[in-house]
Amino acid sequence: MKSKIIMTSMVGLAFAMPAFAAPSKTSETFPQNGQMQEDTKYIGQATETNLHSYEGPVTATANYTDTPYTVTAGNYLPMSSETVAQCTSGNYCPGINGTVNYSTSANQGLTACPGGYGASDLGASENTQCYRTCDSANIGSTITSTPGIAHADGMAGNDYYGTGTDTCYPTSCVAGWHLNPGAPDLATIIGNTEATGSGYRSNDGNNNSNESQYGITQNGEFVVDYGNKGRIQGYSGCSTDGVNNPWYDQSGYTFEGDHFRNALSSNTGDYCWCRLGGYTPLNGTMQSLSTPWVFYDIQEGEEPEVNGCAVECARLCKNVLMSDFSDQLAFRTALFNSIQSTPSCDANVISITWDGADQTDIDANNAASVTYGGDINTPKKAVHVPGKTFVGWTFDTPSGN
């Protein structure tokens, strides 16, 4: 019985012993620098030359070198991390020249935004990308010199540090001024929609189409109707201002640089330009637009099929905006993308009823209305009342004031 117990114990010990595996790599030479690599069998290399001992025990010391980390702009190496990360909000990360090592005590390449400008978007790489919320309290006196928000009562957007481009815009205006919400996004509203109708009057006033239908009253005016997407109204201009024609540009109908002009130097010439003046939603009222002139083409009137800019320009401007062909859509895109859409505070235009003045005398001095904060023009003369001497006009005080 005793021998059986011993045998059973031996079997149990056999099953309890761990299984050993050989390294997955082998080498018949020992490293010249003595640095043995992981998971490697060095065949026949257990010699005194390599072990520095005939009897042992010996110690194998692990050797390490610092891992270099490259930190590019918009990123940093967080403390106690081996992974470069995107710059966090409230900071900017200009990048680090050369490389850095792992650190347990500091974030490397991460700089807090300047005082008062404690916000930034993820991945900011410069201090000019740090910002604060726009409002009259933190902008201070600079609000009075900032176009579009000089008369703002409330604001939104961001005020960026230093030379960063501000995105401040008004949400309400002081008394005497009203909020202009900015132009509609025609590139989204109309997009590539093909027009359903149009009208125009030529620059010389001698040619027209659908004038009464679309309320066209001025020479060079045109309207393009996109059905339920609304309609646009604009103007054509003939000028001596000539530029390279984008229709023959091998870059693919690219409108840029001198293809846009805020003003034309002349109002006659062979070069045809187009701009927008308004957008009317379906069953809505017209919203004024402001765009630069965009160059369309040259109309010299010397070739048999061309009648000259004064005759053709308005028709061509509306035609190019009607089509959904790719080359003509390039022109539409250039024109729609040139629309200024930032909200602004605009002065109220106040109409004036002049008692004791004929309309012709009011019109002669452009006295029918006044822009708040601007000049007041009085009529050219007052109506003569027998037995009376005119001494001047006074504005009535509204009842309740």
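The values are calculated or read from the model by the stated rules, or taken from the named source; none is laboratory data. Quick caveat, the model's predicted, so the values are computed rather than measured. Positions of Cβ are generated from backbone atoms using ideal geometry, with glycine treated the same way; all protein chains shown enter the neighbour counts. The protein model used for the area step is the full one, side chains on, heavy atoms only, and it has no ligands, DNA or RNA in it. Shrake-Rupley method; radii C 1.70, N 1.55, O 1.52, S 1.80 Å.
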Result for the chain: accessible area per residue, probe 1.4 angstrom, in square angstrom, of 62 Å²
Extension reserve of the ASP135-SER24 stretch, reckoned as 0.36 nm per residue once the Cα distance is removed: 33.2 nm
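For the full complex of protein chains and a 1.4 angstrom probe, list ASP270, ASP153, ASP297 by accessible area with the highest value first.
Details: ASP270 65, ASP153 100, ASP297 25 Å².
Solvent-accessible surface, decreasing: ASP153, ASP270, ASP297.
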Helical mean residue ellipticity (222 nm; -39500 (n - 2.57) per DSSP H run of 4+; nearest 500) of the chain: -4000 deg cm²/dmol
Modelled label-to-label distance, TYR372 and ASN33, 7 Å Cα→beta-carbon offset: nm? 7.7 nm
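Chymotrypsin sites (Phe, Trp or Tyr not before Pro), restricted to the range 351-401: which are DSSP loop and have at most 13 other Cβ atoms within 10 Å? Please report the intermediate quantities before stating the final value.
Details: sites: TRP354, TYR372, PHE390, TRP393, PHE395; in loops: TRP354, TYR372, PHE390, TRP393, PHE395.
Here the sparse-neighbourhood loop sites are PHE390, PHE395.
At a 10 angstrom cut-off on C-beta neighbours, averaged per residue, how do the peptides 222-233, 111-122, 199-210 rank from highest to lowest?
Working: 222-233: 21.2, 111-122: 15.2, 199-210: 19.1.
Ranking the peptides 222-233, 111-122, 199-210 by packing returns 222-233, 199-210, 111-122.
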Potential extension, ILE43-SER105 segment - 0.36 nm per residue separation minus Cα distance: 18.0 nm
At most 14 other Cβ atoms within 10 Å and a DSSP loop assignment: could you name the GluC sites (Glu not before Pro) in the range 273-371 that fit? GLU300, GLU302, GLU305
Report Rg (one decimal) and Dmax (nearest whole number) for the chain, counting Cα atoms only, units Å. 39.4, 153
When the Kirkwood radius is taken over all Cα pairs of the range 55-113, what Stokes-Einstein diffusion coefficient follows at 4 °C and 1.567 mPa s, in µm²/s? 100 µm²/s
Please give, to one decimal in nm, the separation of the simple spin-label points placed at ASN337 and GLU55, each 7 Å out from Cα toward the Cβ. 8.5 nm
The chain: most fluctuating residue of VAL174, VAL58, VAL391 per GNM, C-alpha cutoff 10 Å: VAL58
Which aspartates and glutamates does LYS381 reach when only Cα atoms under 19 Å apart count, and residues fewer than 8 places away in its own chain are ignored? ASP355, ASP358, ASP361, ASP363
Over all Cα pairs of the range 263-401, the Kirkwood radius sets Rh, and Rg/Rh then becomes 1.16
Förster-model FRET efficiency, 45 Å R0, GLN287 and SER80, C-beta, rounded to 0.05: 0.20
Could you compute how fast the range 169-237 diffuses translationally, taking Rh as the Kirkwood radius over C-alpha pairs and applying Stokes-Einstein at 25 °C with viscosity 0.890 mPa s? Give it in µm² per second. 173 µm²/s
For the range 166-249, which GluC sites (Glu not before Pro) pass both filters: DSSP loop (anything but H, G, I, E, B) and at most 15 other C-beta atoms within 10 Å? GLU194
Each label point is 7 Å from the Cα along the Cα-to-Cβ direction; what then is the distance between the points at THR72 and VAL174, in nm? 4.8 nm
At a 1.4 Å probe, what is the % contribution of carbon and sulfur to the accessible area of the chain? 49 percent
